[in-house]
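The values are calculated or read from the model by the stated rules, or taken from the named source; none is laboratory data. Keep in mind it's a predicted model, so treat the numbers as computed, not measured. Glycine also receives a Cβ, built like all others from the backbone with ideal geometry; neighbour counts cover every protein chain displayed. Remember, those area values only see protein heavy atoms, side chains included, never the ligands or the DNA or RNA. Shrake-Rupley method; radii C 1.70, N 1.55, O 1.52, S 1.80 Å.
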Amino acid sequence: MLAFLGRRLLLAIPTLFGVLVVVFLLLYVAPGDPVMAMVGERADEETIARLRAELRLDDPIHVQFGHYIAGVARGDLGRSYVTNRPILGDILDRFPNTLQLAVSAMLLAAALGITIGVLSARHPGGWLDRAGLA
């Protein structure tokens, strides 16, 4: 059992790395400029350049990815461009509501799935059985 858990944990590493790559690339190719969203359209070039340097957005993409990985490994997900608060704090603030929504959805899905499964088993070939198979 311990060997199985060890293999699963080792397999989680490339999966998590793949998720980090996809998330980083999605953030990188997303339309819009985060600096312009932070400072607005009326900011001068000096402020924009200073903020780009602070956020390391003027570095090459592989260097940006390295900073991103290092931050995630430390538990530092950065600061929100909108609220200027730590992102981890925002996630933790919203986690109880997300958990409540996920549990409610799972309970509803289980109740409907079990009900449809039992009724389909009681009446094989019936309309509910055919609809449940679709």
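If I ask for residues that are open to solvent by 70 Å² or more (accessible area, probe 1.4 Å) and either outside any loop (DSSP other than H, G, I, E, B) or in contact with a His (Cβ under 8 Å, 6 or more places away or on another chain) (or both), which ones from region 39-51 would you list?
To start, the set of residues in region 39-51 that are open to solvent by 70 Å² or more (accessible area, probe 1.4 Å) comprises 41-42, 44-46, 50.
Once the filter is applied, which keeps residues that are open to solvent by 70 Å² or more (accessible area, probe 1.4 Å) and either outside any loop (DSSP other than H, G, I, E, B) or in contact with a His (Cβ under 8 Å, 6 or more places away or on another chain) (or both), region 39-51 yields E45, E46, R50.
Against the numbered list (1) surrounded by fewer than 10 Cβ atoms within 10 Å (Cβ to Cβ); (2) touching a Leu at 6+ places or on another chain (Cβ under 8 Å); (3) at pLDDT 90 or above, P96 comes up short only at (2). V63 meets all of the listed conditions (1) open to solvent by 70 Å² or more (accessible area, probe 1.4 Å); (2) β-branched (V, I, T); (3) in a helix (DSSP H, G or I) but one, namely (1). When L20, L25 are checked against the criterion of being under 21 Å from the mean Cα position of the chain (by Cα), open to solvent by 70 Å² or more (accessible area, probe 1.4 Å) and within 22 Å of L77 (Cα to Cα), a single residue qualifies: L25. For region 66-91, the tally of residues that are exposed (fewer than 12 other Cβ atoms within 10 Å of the Cβ) and in a helix (DSSP H, G or I) stands at 4. Within region 34-72, being of a type outside the set (V, I, T) and within 20 Å of the chain's Cα centre (by Cα) holds for P34, Q64, F65, G66, H67, Y68, A70, G71.
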